[in-house]
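Undergrad: I have a structure here, written as structure tokens, and I will follow up with some questions on it.
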Amino acid sequence: MIAMKAIEIASVVQGTLHGEDVTVTEAAVVNSSEAIEGSLFLAIKGERVDGHDFVADARSHGAVLTLSTKSVEGPHILVSDVVVALGKLAQHVRSNLLNLTVIGITGSQGKTTTKELLTSILSAAAPTVAPHGNFNNEIGAPLSLLHCTEATKYCIVEMGARHKGDIAHLCSIAQPNIGVVLKVGTAHLGEFGSIEAIAETKSELISSLTAEATGILGTYDNFTPKMAALHKGKNITFGESSDCDIRATDIEVREGRAHFDLITPEGRSAVGLRIVGLHQVANALAVASVATVLGFSLDQIAGGLSTAESQAKWRMEINELPSLVLINDAYNASPEAMAAALQTLVFFAQERGGESWAFLGKMHELGESSDTDHAAIGTLASELGIDHLVCVGASEYGAAVGPESATTVHLCKDKAEALLVAANINPGDVVLVKASRSEKLEELADSISVQWMARMKESDENS
């Protein structure tokens, strides 16, 4: 963060300073244990935890100033709403960093992977700030901006939304120079009511861009390409058709990872991704589009994509156990993401020669279409030839899988029953574990791993 006196921060956030006029030299934190010398601590009152109870702990770690809604120990600025004040401060900092390029990314899926790939390429060239974890809301996005200093060249901001207007609000704070819309899908359909409403919300990123900014649009749904009409400045498209500005061709999958030729206005170059899944091609093309706009060479882009690895926990996390591949993708789930994960499972199983096991928990926030969407994924699993569909507290997946299907459906009421089914996994098989985050299926993935390792140890001892 740029160094600021407490009195200046108070003026920006329209609050009242109490105590010494200290200087904040480090970024804001909401977790008191993450404070360091010179930090600003945000005392946010949540549903379960009140940040005001942790002011002393933040100060013990080095925080010099607190934003709060009531009087606390040490120098603090009283405001009516800490989150609103955070947004004002981030907007101020962003406006004063004239050499900073902000890249905003939204979409129903792929934001985090795209962010990580882009961070890998940009950070190799210049100081880059990107959010850690799922920092894509009215708290996380401003926090990312507050990590920027005069030395920062690029800042990547993930923009998620729960309501109409959320992304427009984040854009008013971040003032992106480049706006990327990956894809409009059905994630959070239950909250928005229709895919049209989701598309309208995602389009706020493009309609918020100035004429000098650049819009980057995927071509993987019917809504995103049409957003070009909302922006008076330059727009470029990415995808796999010949009319896209940035595209992939000659795509193939090896060991679950996509290999393709990247085509940009500069020419053509081979890319071999290290991250798993055919669906990652779209994310890689989005990154290539941003890097092209920023003036990176084709060789830099292709090389960067081919060496980048994802650090996102529980997102297509490949665990190479003895004689078993376990794919832990338990962080989130939507129909589109489920379909992509199942396809990846098939690729791995085909290459390994063993059976495929899909341990699937519920997809949340799908609204009235929930039962239908779950059944459709079960049908897809059958069509793809997945050997075992294990429904973990989600019998809806098996509703449309008939007795004639080659897919064996296992209905489990909970993770404990699913673990019993997992005892039937054999050497050479491939396992996928996936569900919405609140299902906590990473616990099942860990249990399957422990159970498998115990079996392998016992087998070795008996051989």
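The values are calculated or read from the model by the stated rules, or taken from the named source; none is laboratory data. For clarity, every value in this text was computed on a predicted model and none was experimentally measured. Virtual Cβ from ideal backbone geometry, glycine too; neighbours counted across all protein chains shown. All accessible areas refer to the heavy atoms of the entire protein, side chains included, with ligands and DNA or RNA removed. Shrake-Rupley method; radii C 1.70, N 1.55, O 1.52, S 1.80 Å.
Undergrad: Go through E368, E417 for me and flag whichever is among the acidic types (D, E), surrounded by fewer than 18 Cβ atoms within 10 Å (Cβ to Cβ) and at pLDDT 95 or above. Don't jump to the end; show me each part of the working.
TA: On the way: E368 fails: at pLDDT 95 or above.
Criteria check complete, one pass: E417.
Undergrad: What number of residues in the stretch 27-64 are farther than 16 Å from I77 by Cβ, open to solvent by 20 Å² or more (accessible area, probe 1.4 Å) and touching a Gly at 6+ places or on another chain (Cβ under 7 Å)?
TA: Looking only at that region, the number is 2.
Undergrad: Within the stretch 307-320, identify whether any single residue is touching a residue at least 60 places away in the same chain (Cβ under 8 Å), closer than 20 Å to D387 by Cα and touching a Lys or Arg at 6+ places or on another chain (Cβ under 8 Å), and answer yes or no.
TA: no
Undergrad: Another question, then. Residue check: is I263 touching a Lys or Arg at 6+ places or on another chain (Cβ under 6 Å), more than 21 Å from F347 (Cα to Cα) and not in a loop (DSSP other than H, G, I, E, B)? Before the answer, list the steps.
TA: Working: touching a Lys or Arg at 6+ places or on another chain (Cβ under 6 Å): yes; more than 21 Å from F347 (Cα to Cα): yes; not in a loop (DSSP other than H, G, I, E, B): yes.
When the stated conditions are applied, I263 passes them.
Undergrad: Now for a different question. So, restricting to helices (runs of 4 or more DSSP H) that lie completely within the stretch 279-359, which ones have at least 1 residues that are open to solvent by 30 Å² or more (accessible area, probe 1.4 Å) and of a type in the set (A, V, I, L, M, F, W, C)?
TA: 280-293, 335-352
Undergrad: Just a yes or no: is a residue in the stretch 278-287 β-branched (V, I, T) and either closer than 27 Å to I327 by Cα or under 24 Å from the mean Cα position of the chain (by Cα) (or both)?
TA: In the first step, residues of the stretch 278-287 are kept if they are β-branched (V, I, T); the result is 281, 287.
This time we only want the ones that are either closer than 27 Å to I327 by Cα or under 24 Å from the mean Cα position of the chain (by Cα) (or both), so: 281, 287.
Looking through the stretch 278-287, at least one residue is β-branched (V, I, T) and either closer than 27 Å to I327 by Cα or under 24 Å from the mean Cα position of the chain (by Cα) (or both).
Undergrad: Has the stretch 204-218 got any residue that is open to solvent by less than 10 Å² (accessible area, probe 1.4 Å), modelled with pLDDT under 90 and in a loop (DSSP other than H, G, I, E, B)? Break it down stepwise before answering.
TA: Going residue by residue through the stretch 204-218, those that are open to solvent by less than 10 Å² (accessible area, probe 1.4 Å) are 205-206, 213, 215-218.
Restricting the remaining residues to those that are modelled with pLDDT under 90 gives none.
No, the stretch 204-218 contains no residue that is open to solvent by less than 10 Å² (accessible area, probe 1.4 Å), modelled with pLDDT under 90 and in a loop (DSSP other than H, G, I, E, B).
The rows are residues; the columns are (1) more than 25 Å from R455 (Cα to Cα); (2) of a type in the set (D, E, K, R).
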residue	(1), (2)
M338	yes, no
R352	no, yes
L366	yes, no
D371	yes, yes
H374	yes, no
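Undergrad: From K232, K183, which residue is within 16 Å of the chain's Cα centre (by Cα) and open to solvent by 30 Å² or more (accessible area, probe 1.4 Å)? Let's see the steps before the verdict.
TA: On the way: K232 fails: within 16 Å of the chain's Cα centre (by Cα).
Going through K232, K183 in turn, just one is within 16 Å of the chain's Cα centre (by Cα) and open to solvent by 30 Å² or more (accessible area, probe 1.4 Å): K183.
Undergrad: Here is a further query. How many residues are farther than 21 Å from I178 by Cα, in contact (Cβ under 8 Å) with a residue 24 or more places away in the chain and open to solvent by 40 Å² or more (accessible area, probe 1.4 Å) if we restrict to the stretch 255-267?
TA: Of the residues in that region, 1 qualify.
Undergrad: State the number of residues belonging to the stretch 434-461 that are open to solvent by 50 Å² or more (accessible area, probe 1.4 Å) and either among the hydrophobic types (A, V, I, L, M, F, W, C) or more than 29 Å from H364 (Cα to Cα) (or both).
TA: Residues that pass the stated criteria total 9.
Undergrad: Name the residues in the stretch 95-123 that are among the hydrophobic types (A, V, I, L, M, F, W, C) and under 12 Å from A291 (Cα atoms), would you? Lay out the reasoning, then the answer.
TA: Step one: filter the stretch 95-123 for residues among the hydrophobic types (A, V, I, L, M, F, W, C), giving 97-98, 100, 102-103, 105, 117-118, 121-122.
Those that are among the hydrophobic types (A, V, I, L, M, F, W, C) and under 12 Å from A291 (Cα atoms): I103, L117, L118, I121, L122.
Undergrad: Then there is this: Is it the case that L145 is open to solvent by less than 20 Å² (accessible area, probe 1.4 Å) and touching a residue at least 12 places away in the same chain (Cβ under 8 Å)? Talk me through it step by step, then tell me what you get.
TA: Numbers: open to solvent by less than 20 Å² (accessible area, probe 1.4 Å): yes; touching a residue at least 12 places away in the same chain (Cβ under 8 Å): yes.
Considered against the rule, which asks whether it is open to solvent by less than 20 Å² (accessible area, probe 1.4 Å) and touching a residue at least 12 places away in the same chain (Cβ under 8 Å), L145 comes out as yes.
Undergrad: What residue, among those in the stretch 69-112 that are under 23 Å from the mean Cα position of the chain (by Cα) and of a type in the set (K, R), is nearest to I44 (Cα to Cα)?
TA: Filtering the stretch 69-112 for residues that are under 23 Å from the mean Cα position of the chain (by Cα) and of a type in the set (K, R), the one nearest to I44 (Cα to Cα) comes out as R94.
Undergrad: Do we have any residue at all in the stretch 86-94 that's surrounded by fewer than 19 Cβ atoms within 10 Å (Cβ to Cβ) and over 23 Å from E204 (Cα atoms)?
TA: No, the stretch 86-94 has no match at all.
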